[in-house]
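Following: one structure in structure tokens, then a few remarks.
Every number here is computed from the coordinates shown, using simple stated rules; none is lab data. For clarity, every value in this text was computed on a predicted model and none was experimentally measured. Counting neighbours? That spans all protein chains shown, and the Cβs are built from the backbone with ideal geometry, glycine included.
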Amino acid sequence: MALAADRREAPAPAAPSGIARQERVEAASGYLFALPAALLMLAIILGPSAVVIAMSFTNYELGAIDWGWIGLGNYGEMLSDRTFWRSMRNTFVYVLIVVPSSVLLGLAIAIMVQSRIRARRFYEVAFFLPVTTTLVAMAIVWSFVLHSRIGPVNAFLQLLGFEAVGFFTDPDTVLFSLALIGIWQLVGFNMILFIAGLSSIPRDLYDAAAVDGADGWLDRFLRVTWPMLGPTTMFVVVTTCITAFKVFDTVVVLTDGGPLGASEVLLHSIYLEGFQYFRIGYASALTVAFLVFILVFSLVQAWVIDRNVHYR
Amino acid sequence: MARVELRNIVKAFGATQVLRNVSLDVDDGEFMTLIGASGCGKSTLLRIVAGLEAQGSGSVRIGERMVDHLRPRQRRIAMVFQSYALYPHMTVRENIATPLMIDRTLLAERLPLVGRLSPRRRRIAGEIDQAVRGVAELLQIEPLLDRRPGQLSGGQRQRAALGRAMVREPQVFLMDEPLSNLDASLRVHMRRELADLHRRLGATFIYVTHDQVEAMTMSGRVALMEAGEILQVGTPNEVYHRPANTRVAAFLGSPRINLLEAAVEGAGTLRLGGTALAHAAEAAGQGSVTLGIRPESIALTGDDPAGQGGLSLLVDDLEDLGHEIILHARLETEGAPAALTARLPAAAVAAARAAGRFGNRIRVEVDPASLLIFDRDGLRIPATVAPAAPAAAHPQAAAG
């Protein structure tokens, strides 16, 4: 320590003041160069976030002339708000269905598609199509496909002798129907990410596995593919989670939270509170809760998975 | 331990012919090196022996068995890869244990979580751990067993990869450029360790490299490959001193051998640029031949004023390596000047300089016994080369 301190102090008296000034100028110009980006970030990300957090402590309503600070009032209301808890529960169920299904399905399709040689391009494009479409528009298509009376899926089910399913009208089914659309939309994206991950696995490892005797597909998968896809899987799981938490378009277009609030989800609640009931203060509190939620969730995932996928 | 016999191996990738009818016998316990420039097919041949690649036609026999239809694990081989191909998510211990684990356990016992419930697996794991320890001790990597490959240096990874290959006690070790990712000093060290390991294990080694020093120093025999064919198989000494053709001669040796057109006169006098260099009865009647002169068989002519058998050179460039000097020069001939490279001991050059015999133009002589003679198709003519007969040398001396 003493040595380091000496070294730091020693050149100071010897150095001409010109060099010290030079260093100060360089430091200042460094900050100057970073300033535009910092300002932009402040204006479009940090600022609005701060405003939302601030508003969550008020009783502000859109268009209202007077408003006041109410401290943690909104958060207190949230805890006793049954709609909030229901939308929380629904969001969770949705995430729990969508994330594992779309990740595992994406992985399975990626592995199958990757081993194709000529048809690979076709499958990649086909599975990726849902990602490129506008979900609102596709939701309308789905509303027809899964319609309880005129939908082809129900027509087919009835043809086979089953009863018609109220995909969007039955409170017990509606969340699964929405999850189905969510999976349909996410699988293609996850597949592309997994294909990228798969193609970066060194071929030597598979050769080594074959020489070592791991030549069955399950051994190859467990010994090489799955461990080597660790970082990709982590990324896919985190992004899929965030996307799934943000489920909104399909709910608005297809169910509006119904029937009987069975498909009420967090983002939709926020939207209703803020833009239908104009309770901006309360909506802000919900938003803050939502942000904290995603943040904590992602951090925990990143922390847990990260320790197990980077092999150093 | 086992012999490896390759018969008429042919392999093509699409329209590219990679191996053309390659046959090779590797003796039991032999260290055989496949050497050639990149793209010559040596790695493909090794992968065919391993069973990682299927040959187009031909057969592979390891020991008493035809292995053409066996999977790699059934061939009783082990392979060390250029990249080491260690499993990055496993510790060194787990890496080395993998082949045994797969050999000795059922698939269900290898499954994550579920597998740990099996009492049999626990017992087997104990046995395997013993084997792993034994190998680690031999390779002196015991302190590294609980580290992951990412935490190891190149040399340590190399050893871990060797351990994984050794643990199953294979009959044949296949090595695909295992030293090429190491730095120079470590490579020299590992070269000796590998040779030593081969002696201790007594197993058959097939070793692929493009590095002629590795090939020359470690192998019992060398198979030199080019464009999907084996040009020559022999001991390092044979292929160096009695190369089958100019291609073999040019591949081995650094700097490259000098290949020069020489005229054959009378009963076999070899004349290079007007100088009668040597005499080889076997070359008689050839008209012209290609002479192969190793850079190290060229020496500065001493004080002998007659300069018998000497060649006059114009010096282009000198590369001083400290202990020796690489001389790049041109042969003074009637036609186009032929380039010539020589390796001269630094002391000899210093002495010649001191005596004022080392200027832009110098005289050198070639040891006739080391001359290689190739016919017009590039095949070597086995010949006993003698110094040029005095009768042939005299006119030249008079002219000079």
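Before moving on, here are some points about what is shown:
- Each stretch of four or more DSSP H residues adds -39500 (n - 2.57); spread over every residue of the protein assembly as shown, this sum gives -14500 deg cm²/dmol at 222 nm.
- Low-density loop positions, chymotrypsin sites (Phe, Trp or Tyr not before Pro), region A:48-127 - DSSP coil, at most 15 other Cβ in 10 Å: A:Trp67
- Residue-by-residue Karplus 3J(HN,Hα) for region A:233-249, coefficients 6.51, -1.76, 1.60, Hz, glycine and proline x: 4, 4, 4, 4, 5, 5, 5, 5, 4, 4, 4, 5, 4, 8, 3, 7, 3
- Under DSSP loop assignment and at most 13 Cβ neighbours within 10 Å, longest GluC sites (Glu not before Pro)-free interval of chain B: B:65-333
- If only the Cβ of Lys and Arg carry +1 and only the Cβ of Asp and Glu carry -1, the dipole of region A:40-154 around its Cα centre is close to 860 debye.
- Equivalent-ellipsoid semi-axes of chain A, from the Cα gyration tensor, Å, largest first: 44, 37, 17
- Cα-based shape type of the protein assembly as shown, given that a ≥ b ≥ c are square roots of the gyration tensor eigenvalues and the cut on a/c is 1.5: prolate
- Crossing angle, helix B:154-166 versus chain B [Cα axis fit, 0-90 degrees, rounded to tens]: 60
- Taking the fewest neighbouring Cβ atoms within 10 Å as the starting point, the ordered list for B:Asp27, A:Asp212, A:Asp219, A:Asp66 is A:Asp66, B:Asp27, A:Asp219, A:Asp212.
- Least to most buried among B:Arg242, B:Arg110 (fewest other Cβ within 10 Å first): B:Arg242, B:Arg110
- Taking the C-alpha atoms only, the angle from helix B:119-139 to the longest principal axis of chain B is near 20 degrees.
- Dipole-positive endmost among B:Met90, B:Leu107, B:Leu139 within region B:12-153 (Cβ charges, Cα centre): B:Leu107
- The residue among A:Phe194, A:Ala50, A:Phe297 whose Cα reaches farthest toward the positive pole of the charge dipole of chain A, with charges on the beta-carbon of Lys, Arg, Asp and Glu, is A:Phe194.
- Of the residues A:Val113, A:Ser148, A:Phe167, the one whose Cα sits farthest toward the positive end of the charge dipole of region A:98-176, with +1 on the Cβ of Lys and Arg and -1 on the Cβ of Asp and Glu, is A:Val113.
- Most mobile of B:Ala383, B:Ala161, B:Ala136 in a GNM of chain B (Cα contacts under 10 Å): B:Ala383
- Note: relative contact order over region A:120-273, using C-alpha pairs below 8 Å and six or more positions apart, is 27 percent.
- Residue order, fewest to most beta carbons within 10 Å, for A:Lys246, B:Lys42, B:Lys11: A:Lys246, B:Lys11, B:Lys42
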